[in-house]
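To start, the structure itself, in structure tokens.
The values are calculated or read from the model by the stated rules, or taken from the named source; none is laboratory data. Please read these numbers as outputs of a predicted model, since none were measured by experiment. Cβ placement follows ideal geometry from the backbone for every residue including glycine, while neighbour counts extend to all protein chains displayed.
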Amino acid sequence: MAQTQATEWGRKQPDNLDFLRPNGFRFLIQSLPKVTYFCQSANIPEIRLGVATQPTPFVDIPRPGEKLDFNELTIKFMIQEDLANYMELYNWMMGLGFPTSRDQFKKLTSGQAITGSDVNFKADGGEVSDASLIVLGSDNHRVAQINFYDCFPISLTGLEFDVSSTNTQYFQAAAVFKYRQYELERVTPEV
């Protein structure tokens, strides 16, 4: 009997004993190619399931809810010297928020350039864009992909210039996105 349990235990061991690396990823967002290239960090947001409470005369009983809540997607990226990648996000947000005229939103949804600057954002005729976080294994091959659907930016960090700084530290910005949902899929390694 003890021999059988030991044999079963051995069969239940994982095949892959490698750990996930925090620097093994690529982030892609269709509407922001310049941000994608300089992305330094991205997260898999928390997902929460609501809880329903079943009242009883004694202790209320928690039950699984029916709605999921997806936390925000946050990325950090290095800013190009000419601000091109920063302006991609800025222009997208200007089109969504249209602070000066409704034409900004109209241009965004029709796929036209939003501003007259050299760096224009085009959302391919929509106000949202899909994104993917590709997780890389220890051999730098894809092991998983997280697909975010209908992303749009809700926050872009400001930049603080400072002449009193003695070290040259390059700017990094953070952008926060809302999205409809994300799906996590495992990728079969290519042989």
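Mind checking which residues of the range 16-31 are assigned to a strand (DSSP E or B) and over 19 Å from Lys178 (Cβ atoms)? Lay out the reasoning, then the answer.
Going residue by residue through the range 16-31, those that are assigned to a strand (DSSP E or B) are 25-29.
If the condition is that a residue be assigned to a strand (DSSP E or B) and over 19 Å from Lys178 (Cβ atoms), then Phe25, Arg26 are the ones that fit.
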Exercise. Could you please let me know if Val135 is part of a strand (DSSP E or B), within 24 Å of Leu96 (Cα to Cα) and within 13 Å of the chain's Cα centre (by Cα)?
Key: no
Practice problem: Identify, from the list Leu28, Leu68, the residue that is touching a helix residue (DSSP H, G or I) at 6+ places or on another chain (Cβ under 8 Å), aliphatic (A, V, I, L, M) and within 22 Å of Val128 (Cβ to Cβ). | Solution: Leu28
Practice problem: Select from the range 160-188 the residues that are touching a strand residue (DSSP E or B) at 6+ places or on another chain (Cβ under 7 Å), loosely packed, with under 13 Cβ neighbours inside 10 Å and assigned to a loop (DSSP other than H, G, I, E, B) and list them in ascending order. | Solution: Tyr170, Arg180
Practice problem: Kindly provide the set of residues from the range 148-159 that are exposed (fewer than 13 other Cβ atoms within 10 Å of the Cβ) and free of Cβ contacts under 8 Å to residues at least 40 places away in the same chain, ordered by number. | Solution: Gly158
Self-check item: Among the residues listed as Glu72, Glu46, the single one being at pLDDT 95 or above and either loosely packed, with under 11 Cβ neighbours inside 10 Å or out of contact with any strand residue (DSSP E or B) (no Cβ under 8 Å at 6 or more places or on another chain) (or both)
Solution: Glu46
Self-check item: Inter-residue pairs, beta-carbon under 6 Å, first under 20 Å from Asn85 (Cα atoms) and basic (Lys, Arg) and in the range 114-143, second outside any strand (DSSP E or B) and at pLDDT below 85, 6+ apart
Solution: Lys122/Gly111
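Of the residues Ile114, Ile79, which is modelled with pLDDT of 95 or more, in contact with a helix residue (DSSP H, G or I) (Cβ under 9 Å, 6 or more places away or on another chain) and either buried (at least 19 other Cβ atoms within 10 Å of the Cβ) or of a type in the set (Gly, Ala, Ser) (or both)? Please lay out each step first, then the result.
On the way: Ile114 fails: modelled with pLDDT of 95 or more.
The unique qualifying residue is Ile79.
Going by the conditions given, is Thr168 at pLDDT 95 or above and closer than 26 Å to Asn85 by Cα? Give the derivation first.
Working: at pLDDT 95 or above: no; closer than 26 Å to Asn85 by Cα: yes.
Taking the combined requirement at face value, the residue does not satisfy it.
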